[in-house]
Amino acid sequence: MNTVQVVATAGRTTSVDSASASHGAAELRIVQGACPHDCPDTCALKISVAAGRVVKVAGDPAHPPTHGALCTKVSRYAERTYHADRVLSPLKRVGPKGAGQFVAVGWDEALADIAARLQAIAARDPQAILPYSYAGTMGLLQGESMAARFFNRLGASALDRTICSSAGGDALAATYGGKLGMHLEDYAHSRLIIIWGSNSIASNLHFWTFAQQAKRAGAKLVCIDPRRSETADKCHSHLALRPGTDGALALALMQQLITHGWLDEDYISRHVDGFDALRDKALQWSPERAAEVCGLSAEQISTLAHDYAHTRPAAIRLNYGMQRVRGGGNAVRLIALLPCLTGAWRQQGGGLLLSASGWFKPHINAAALQRPELLAGRTRRVVNMSTIGDDLLREASPAFGPKIAALIVYNSNPVAVAPESPKVVAGFQREDLFTVVLEHFLTDTADHADYVLPATTQLEHRDVHTSYGHTYALDNHPAVPPLGQARPNTQIFRDLAAAMGFTEPCFSETDDELAAQALLGVDAAAMQRDGWARLPVPELPFADGGFATANGRVQVLVPGLGVPDFVPPYESQASAPDLAARYPLAMISPPARNFLNSSFVNVTSLRSIEGEPLLEIHPDDAAARGLVDGAMVAVFNDRGRYHCRCEVSTRARPGVVNGLGIWWRKLGVAGTNVNELTSQRLTDIGRAPTFYDCLVQVVADSAAVAPALAVPA
Ligand code: SF4
């Protein structure tokens, strides 16, 4: 029998398992952590450490929303941390830009040189310096805390962080007053769940667990997704609509609710502003009209409307895939109105969840973490991260401001993930651009750096986490010291601040001091005891209205946005027939199941499962092009040319191809990935990219050479 004894307290109690057979006589410490990745689930972790090395990363069974299960990706997190290719010392470029040729240098030399280069640029105009970061870690500390202080003090340009969710997020906030929704656990009580724009099995695993509970209790599951995903396979029905037509479908569902008298008039009258304008709009959308636009049958639409109106509780799990099109914001506004028309919010297990992050907003002490007062009254030019390709190539002008002269990249891999990568690459290859990248590995972006600074992984640093899929805050404690010369992002920005001569006391605060300030009104005793704490969110948050808008009512008519409507894609057969004549296939680029954005692509065991970059194409579209399953193909449009292998599969609907992402370019075929093809055009709301609004053509490409298949670790 194992004996467990408490041997130390270091912020979070650690334990020793003195009889661990698998680790011999070595003490086994269990350290409390949190998954840092861009995933709604934000799992609580139990990290096992023996002889100073992490030997296992597991889920915390006591954490209610994630209950001890991890996805395949993060269960391999130790493999990622101890990967032979980790960057473990500062690197200085010695070859051409983008060649990935570096020499190791000491921290003092790197910091002094970087500071000198930044000071010279800042002396001309600090706004020529741009931070570039996103959700490589979702932590409040290793994300935007010391980094934000540094850039505020410098007076650098600000980054508009739009690349993933701002279309849907801004749309939801316009409608409900915030990014607010159902409790994750309540899906277990639903009797109808519409999974809209989400491959939950791959990217929202713990929601799927609750959906499975509901299914076992008799619930019906409906998937709405252009792709027949692994999730669609396991739902009772699948509506494979054309990309970018979700708004038309939502309007037709409303038309059915209105014409059949299936509305909750009492809920509408008490909690919804502007319904009459919406009624007029929706009545124009018969199922037949929407069917034509969406590529569905009218019967599929009327059946879904009937089921949605007559099943209680009925829930929608909306995810961000469907908002990566021109009309993504309007579509989210329309879908978010559906549970308000039927009063679905009244029941446990009814309502909608796109993001829960708004519940955390009043609990995040952003002012303390980021210190906006360091700007000292200066205003900052704002650059949209989704148009970094164009903006790196832009000259100085009165409208744009100074040419971007320096880029500090952390928690992101824009050369792989930003749209229209031919332009992104050209920008990163500018010889007059000074680029510093904080990273774990030599990614496509790090290859273009003048300096690569070695960053710690989640197992090596402190952090505090919120979630966008549930309502629990989490703590993350370092399980092991930093590997090699790696440093936490917070420490790197502290060191850069010192090298720049910034003497404000806030640059001396430790990570523990930052953690102590990060959250407000969160149960500190629970955080200390369990490593996580539930926010005080009402059990049925909108059963009796109480939305976070100014008057507490759902808003249909939003100043500046008008009444929500269907906004057709930029690129489709219907909206751009001339373009479609040359590029007749719509392409979406959902994530490959074993990658998370561009993270984990270099983890050998996971890449081995994926094999190689794939394009799913329907048998009819393949036959029309003489393509056989497994053929190498070139996928192209006016923006670029992507090389990969095709999989002839009914996972793709006719007329739509699925380019699974996001491969590192250098691990793909001919140094390309799917973002060769995507566009920098922005969404209707939220200034976000339109990754899934993309017409292409596909041809056989017998000259392409597939990458060597990875060998399992
Ligand atoms: S990626 Fe998501 S499911 Fe996987 S461990 Fe992290 S939070 Fe959990």
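Please give the direction-averaged projected area of the C-alpha convex hull for segment 577-682, in square nanometres with one decimal.
Reported value for the Cα convex hull: 6.9 nm².
Going by a 4.7 Å Cβ-Cβ cut-off, which cysteines of the chain have no partner at all?
Result for the chain is Cys39, Cys71, Cys164, Cys294, Cys340, Cys506, Cys644, Cys646, Cys694, no neighbouring Cys Cβ within the cutoff.
Would you mind working out the accessible area per residue for the chain, using a 1.4 Å probe, and quoting it in Å²? Intermediate values should be presented prior to the final figure.
Working: 24190 Å² over 713 residues.
With all protein chains present, the chain gives 34 Å² per residue.
With viscosity set to 1.002 mPa s and temperature to 20 °C, compute the Stokes-Einstein D of segment 481-563, Rh being the Kirkwood radius across alpha carbon pairs; µm²/s, no decimals. Could you put the intermediate results ahead of the total?
Values: Rh = 17.7 Å.
The diffusion coefficient I find is 121 µm²/s.
Once the convex hull of the alpha carbons of segment 540-625 is built, what does its volume come to per residue, in cubic angstrom?
It comes to 245 Å³ per residue, whole-number rounded.
Given the pairs Lys423/Lys666; Lys73/Lys179; Lys179/Lys220; Lys97/Lys666; Lys403/Lys423; Lys97/Lys423, which span a C-alpha to C-alpha distance of over 18 angstrom in this model?
Lys73/Lys179; Lys179/Lys220
Please turn the phi angles of segment 556-561 into ³J(HN,Hα) values with the Karplus equation 6.51 cos²θ - 1.76 cosθ + 1.60 (θ = phi - 60°), one per residue in order, whole Hz, x for glycine and proline.
Values, residue by residue: 8, 9, 10, x, x, 10 Hz.
Once every DSSP H run of n ≥ 4 in the chain is given -39500 (n - 2.57) and the sum is divided by its residues, what mean residue ellipticity at 222 nm do you get, rounded to the nearest 500 deg cm²/dmol?
After summing the helix terms and dividing by residue count, I get -7500 deg cm²/dmol.
Taking a ≥ b ≥ c as the square roots of the eigenvalues of the Cα gyration tensor of the chain, is the shape rounded (a/c under 1.5), prolate (a/b larger than b/c) or oblate?
Because its axes are fairly even, with a/c under 1.5, the chain counts as rounded.
Can you give me the relative contact order of segment 196-273 as a percent, contacts being Cα pairs under 8 Å and 6 or more apart?
Relative contact order for segment 196-273 comes out at 22 percent.
Can you give the local net charge around Tyr82? Use residues other than it whose beta-carbon is closer than 14 angstrom to its beta-carbon, Lys and Arg +1, Asp and Glu -1.
Net charge in that neighbourhood comes out at +2.
For segment 312-355, compute the orientation-averaged projected area of the C-alpha convex hull (one quarter of its surface), in nm². Intermediate values should be presented prior to the final figure.
On the way: hull surface 11.7 nm².
Mean projected area for segment 312-355: 2.9 nm², to one decimal.
Which value, in nm² and rounded to one decimal, describes the direction-averaged projected area of the C-alpha convex hull of segment 42-91?
Average of the hull's projected areas for segment 42-91 equals 4.6 nm².
Any idea what the dipole of the chain comes to, in debye rounded to 20, about its Cα centre with Lys/Arg Cβ at +1 and Asp/Glu Cβ at -1?
That gives a dipole near 260 debye.
Could you tell me whether segment 371-496 comes out rounded, prolate or oblate from its Cα gyration tensor? Rule is a ≥ b ≥ c as square roots of the eigenvalues, rounded for a/c under 1.5, then prolate if a/b exceeds b/c, otherwise oblate.
Prolate is the answer for segment 371-496, as a/c is 1.5 or above and a/b outweighs b/c.
May I ask you to give the percent of accessible area on the chain that is carbon plus sulfur, with a probe radius of 1.4 Å?
Carbon plus sulfur share of accessible area: 53 percent.
The values are calculated or read from the model by the stated rules, or taken from the named source; none is laboratory data. All figures in this text were calculated on a predicted structure; none of them were measured in a lab. Methodologically, a virtual Cβ is constructed for each residue, glycine included, from the backbone with ideal geometry; neighbour enumeration extends over all protein chains shown. In case anyone asks, the SASA skips ligands and DNA or RNA and just uses the protein heavy atoms, side chains included. Shrake-Rupley method; radii C 1.70, N 1.55, O 1.52, S 1.80 Å.
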